[in-house]
Amino acid sequence: MMDANFLTILQDQLGDMAETTVRMLPQLAVGLVILILTWLVAKGGRKIAHRFIGRTDIRPSLLTLVETAVTILIWFVGLFATAAIILPGVTAASIIAGLGIGAVAIGFAFQDIFENFLAGVLIMIREKMRIGDVIECEGISGKVEAINLRETYVRKLSNEVTIVPNSMLFKNPVEIFTDMDGRRHEVVCGVAYDVDLDEAARVIEEAVRGCDKVDTDRGVDVFAKEFNSSSVDYLIRWWSGSTPRAGHESRDQVVRAVKAALDRAGIEIPFPYITHTFKEPVPLEKKK
């Protein structure tokens, strides 16, 4: 008897559900059409935003933020319209109330995601660290390839890509090598102790100024740095491009030019010298 009643109740519920579904078919169809239109409008809106804003001098990262904001806004309106059609009792007040109740639970569950999202928005807004910059942060160095709302793609100089969470780039110091067009580079060169230091400095400076990779308008510095074990060391500083390759190219040219100039001037770049001191005379045996 109980099984018969249970089957009857289950049959009635399934019949009510089927009847409700049939009655809602027009709303479901309209909702599906609205979702498709929302997808098309969001896609078109992103392209329109890129076309109009892309003509300005806006930074690429900020352009991405605007395009994402336009897409989110269109989808929010489309989903709200779909919910209002499928569920007529849904209002803006009820949606806001539901968001308020679920915000705490969602916030705890997706804390890292929201942290990276907010950090991504702030990174896109600030002027520093543009797409194409060479950066270093927490041992990760490379060229910024893309900045998304959750992560940043950093292409290493050896061509591997590293996906870095935005919160890491926002909370830690970031060194930007290409913030300016020029950057100062340096190298150390030693000369023997019996060399005229003024003459050596003059020869080194002329050699550096003769390099086409060096920006001589910003000056060349040659400083006597320290008394080393076998040499007097000079600190040579010059300005060149800010990219890593520009630094390597200018350093290669400077080292080659300084070595050649010192050789022509007869100025020695000494090997390490070792002096042995003996407390007692060392007997020498004559060869017969």
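The values are calculated or read from the model by the stated rules, or taken from the named source; none is laboratory data. Here the structure is a predicted model, which means the values were calculated and not measured. Methodologically, a virtual Cβ is constructed for each residue, glycine included, from the backbone with ideal geometry; neighbour enumeration extends over all protein chains shown. Each accessible area value is taken on the protein alone, full model and side chains, heavy atoms only, with ligands, DNA and RNA left out. Shrake-Rupley method; radii C 1.70, N 1.55, O 1.52, S 1.80 Å.
Here I236 meets the list (1) open to solvent by 20 Å² or more (accessible area, probe 1.4 Å); (2) in contact (Cβ under 8 Å) with a residue 40 or more places away in the chain almost entirely, failing just condition (1). When the strands (runs of 3 or more DSSP E) confined to the range 130-170 are screened for residues that are under 19 Å from F117 (Cα atoms), those reaching at least 3 such residues are found at 140-147, 151-155, 161-165. When each of D212, D217 is tested for being at pLDDT below 95 and either of a type in the set (F, W, Y) or in a loop (DSSP other than H, G, I, E, B) (or both), the lone residue that passes is D212. Taking first residues from the range 157-168 that are small (G, A, S) and partners that are in a helix (DSSP H, G or I) and modelled with pLDDT under 90, the Cβ contacts under 7 Å between residues at least 6 apart in sequence or on separate chains come to S167/E115; S167/N116; S167/A119.
From the list R202, R209, pick out the single residue that is without any contact (Cβ under 8 Å) to a residue 24 or more places away in the chain and touching a Ser or Thr at 6+ places or on another chain (Cβ under 9 Å).
Values: R202 fails: touching a Ser or Thr at 6+ places or on another chain (Cβ under 9 Å).
Sole residue among the options that is without any contact (Cβ under 8 Å) to a residue 24 or more places away in the chain and touching a Ser or Thr at 6+ places or on another chain (Cβ under 9 Å): R209.
Listed by first and then second residue, the pairs with beta-carbon distance under 8 Å, at least 6 apart or on different chains, first residue in the range 68-80 and closer than 20 Å to G120 by Cβ and at pLDDT below 75, second open to solvent by less than 40 Å² (accessible area, probe 1.4 Å) and not in a helix (DSSP H, G or I), are T68/L149.
Mind listing whichever residues of the range 211-242 are among the aliphatic types (A, V, I, L, M) and more than 28 Å from the chain's Cα centre (by Cα)?
If we filter the range 211-242 for residues that are among the aliphatic types (A, V, I, L, M), which is where we start, we get 214, 220, 222, 224, 232, 235-236.
V220, V222, A224, V232, L235, I236, listed by residue number.
In the range 118-157, the qualifying residues are those that are under 21 Å from R183 (Cβ atoms) and of a type in the set (G, A, S), and the one that is most open to solvent (accessible area, probe 1.4 Å) is G139.
Taking V195 as the residue in question, decide whether it is out of contact with any Asp or Glu (no Cβ under 8 Å at 6 or more places or on another chain), under 26 Å from P270 (Cβ atoms) and either touching a residue at least 12 places away in the same chain (Cβ under 8 Å) or open to solvent by 30 Å² or more (accessible area, probe 1.4 Å) (or both). Answer is no for this residue.
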